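Presented below is the structure to which this report refers.
The values are calculated or read from the model by the stated rules, or taken from the named source; none is laboratory data. Nothing here was measured: the structure is a model prediction, and the numbers come from that model. Every residue, glycine as well, gets a Cβ built from its backbone with ideal geometry; the counts of neighbours run over all protein chains shown. We work out accessible area using only protein heavy atoms, side chains counted, and drop any ligands, DNA or RNA first. Shrake-Rupley method; radii C 1.70, N 1.55, O 1.52, S 1.80 Å.
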Amino acid sequence: MKALLKYHIDMYMSGFHFMSPFLPVLIYSILLCLFFSVLVSSCFVYSLAILFTVCLADGFFLHRADSDDMDAVLILKSGSAIKYYLSKEVFLSLFALIYMLLILLYSAAAFLFGEIVLSKPVPAELAVLCSLHLLVALLGYELSSLFQSKMIRKRRLALMLFFITIIGIFMRQSLIRVPVLKCLFWVFPPIVKLLRIVSESETFLSSEIGWIAVQLILDILLVLVIKGVIWNKRKWTVYE
């Protein structure tokens, strides 16, 4: 597992694939540092939105970092296809954690030292914020990796489903008002609702945020199950 994880990281870093998510995170952090007094009230909303977007995009184009032939070789060398695919999930989780820490580095420090003043104890609220950011980042990676052309072999279908998912996430609240479509709104993660609550709340220790965190966890687990079903249907091989 350690060798497989190291391979995934080396391929990701060697091709400079990390630049596409790293640069927006870096630019956001610089802007937050320069214009902190303006962005302080909404900094966590911006960080959640940017983190979800960069992880979603990075996960979708991550397939460029390797090839089917190399995947097949690594599965043979590792001796277990399940172990190989599990290493990929650990890799996604690792970079979700890394980008979460990077994007929260400045705002969390300001939070700890009292420049962002909220009504509840700082450690508890900071833990909730970190958890929310991690779940959002991981969901972005999992969702986008599900719609890679390597998972859904028909490239146009994969691209179409990917954009439908993005539109559904941002139109989720509108779907509730449409009688025919309101039964489908639960399919899409409540990202926009989370952004609204974080923007309006004076505290992050509410039951509503807790329920959204549960929904995010369930969405991540659902994607993992779907990916497992796809891999199992292919008999855990990279070729159909």
Would you be able to say whether some residue in region 231-239 is at pLDDT 70 or above, closer than 27 Å to Ile50 by Cα, assigned to a helix (DSSP H, G or I) and open to solvent by less than 80 Å² (accessible area, probe 1.4 Å)? no
So for region 74-81 (the condition being out of contact with any Asp or Glu (no Cβ under 7 Å at 6 or more places or on another chain), within 21 Å of Leu134 (Cα to Cα) and at pLDDT below 90), does at least one residue qualify? no
Inside region 124-143, can you point out the residues that are more than 8 Å from the chain's Cα centre (by Cα) and either without any contact (Cβ under 8 Å) to a residue 12 or more places away in the chain or open to solvent by 20 Å² or more (accessible area, probe 1.4 Å) (or both)? Ala124, Leu126, Ala127, Val128, Cys130, Ser131
Specify the residue that is farthest from Ala49 (Cα to Cα); the eligible residues are those in region 9-21 that are under 19 Å from the mean Cα position of the chain (by Cα) and open to solvent by less than 70 Å² (accessible area, probe 1.4 Å). Ile9
